[in-house]
Amino acid sequence: MNSHFQSAVVSISVTVVAVGIAMAFVLVVLAMMGHAPTTVMSMWLEGSAGNGTRFAMSLQAAGPLLFTGLAAAVAFRCGVWNIGGEGQFLLGAMTMVACGTVMIPPGPAWCALPIACLLASAVAASWALLATVAERWRGAPIVLSTILLNFIAVAVVGMLVEGPLHDPNTTAPQTASMVEHLRLPILVDGTKLHLGVMVGMLAAIGLFIIARWTMIGFEVRVVGLNARAAAVVGIPVWSRQVLVMAVSGGLAGLGGAMQVSGVSGMLSGTSVSYGYAGIAVAMLGRLHPLGIIAAALFMGMLSTGARHLEGRLGIPRDMGDVVQGVVVIAVLVGSMLATQRFMRPAQEP
């Protein structure tokens, strides 16, 4: 059997088993609380994909997770541990809100909207590159610097929400609403499923094509597998790491821009941790762009289904976060066991 095909089969099998274990664990816990597993599953499926509107809401919830999952996967594939997706996502969202409130790009929507998205992506990419610069010239571990930059980004966004971007018509910690022509089109009436989700799927397909069939994609994979070996054969390791960090930050920032432009239209003092959740999506999707589409949709269905369970059965929606955590742990453990199983014959004399 082809080794690449065998690896793919093992990877998919590990993920499916991990999801099954996580769901079984949660269903057992809920059964101990008096909720029949069949009722919980039927209610969850009804809430997440019971009709076209509910499935569209699941897709909407998957949108930001898709962008931050792709952002994490792009960096991790190259051996660059970008944990800063949260800050990059927020800065992209803040830039988009700024473009939609106080520094509106000139021109019609078809021109101004792409400019604002590109600017948001560029700001987030520049923020991500700060960590790369710190590692290159000051020796700061990129894991640590990206985490610390998250805290700084949260503080900066909070300061702007309370200051220059604050809505003068309210005392609540929120920005003014964006102008209408910088809002993304809604695809399904009665929901906030917006064009940005489709952009995220196209980005995933594009990344898959680049990684699978281009020289730069091959070089990035080699650097991720063994940077020293890559340098020996002449691959520019540093420039490839800079490139993936910029792309990673840009994707996270674009996700933030799409979220505020398509869903909220503003920023408030509190935010959902899409950046950290994106790491879980990347792990569940096995760092594969197409796998991340499926993982983001699964996480989106968990979110919308959990809200439905809360309303119908009184089950806390935090149970969805529990499932996410158990899934990621099961995937990591399963991957470790599978790796040990397939490496053992090669280690025997």
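Read-outs throughout are calculated quantities, based only on the coordinates presented, and are distinct from any laboratory measurement. In this text the structure is predicted, and so the values were computed from the model without any measurement. Methodologically, a virtual Cβ is constructed for each residue, glycine included, from the backbone with ideal geometry; neighbour enumeration extends over all protein chains shown.
Values for this structure:
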| quantity | calculated |
| --- | --- |
| Most mobile listed residue (VAL272, VAL327, VAL188) in the chain, GNM with C-alpha springs under 10 Å | VAL272 |
| Integer Hz, Karplus 6.51/-1.76/1.60 couplings in order for segment 202-207, x for Gly and Pro | 5, 5, 5, 5, x, 5 |
| For segment 65-297: relative contact order, % (alpha-carbon pairs under 8 angstrom, 6 or more apart) | 43 percent |
| Cβ-placed point charges (K, R +1; D, E -1), dipole of the chain about Cα centre in debye, nearest 20 | 760 debye |
| Calculated [θ] (222 nm, deg cm²/dmol) that DSSP helices of n ≥ 4 give over the chain, each run adding -39,500 (n - 2.57) | -26000 deg cm²/dmol |
| Highest-first arrangement of 115-121, 199-205, where packing means the average Cβ count within 10 Å | 115-121, 199-205 |
| Packing-based ranking, highest mean first, of 291-299, 304-312 given that Cβ atoms within 10 Å are counted | 291-299, 304-312 |
| Gap separating the Cα centres of segment 65-92 and segment 102-163, nearest whole Å | 12 Å |
| Residue-count net charge about THR214 - beta-carbon cut-off 13 Å; Lys, Arg +1, Asp, Glu -1 | +2 |
| Local net charge near ARG312, Cβ-Cβ under 14 Å (Lys/Arg +1, Asp/Glu -1) | +1 |
| Among ALA56, ALA172, ALA72: highest mean-square fluctuation, GNM of the chain, C-alpha pairs under 10 Å | ALA172 |
| Relative contact order (%) - criterion: Cα under 8 Å, at least six apart; region: segment 122-259 | 32 percent |
| Local electrostatic count, PRO289, Cβ distance below 11 Å [Lys/Arg +1, Asp/Glu -1] | +3 |
| Top of THR38, THR132, THR15 by mean-square fluctuation, Gaussian network on the chain, Cα under 10 Å | THR38 |
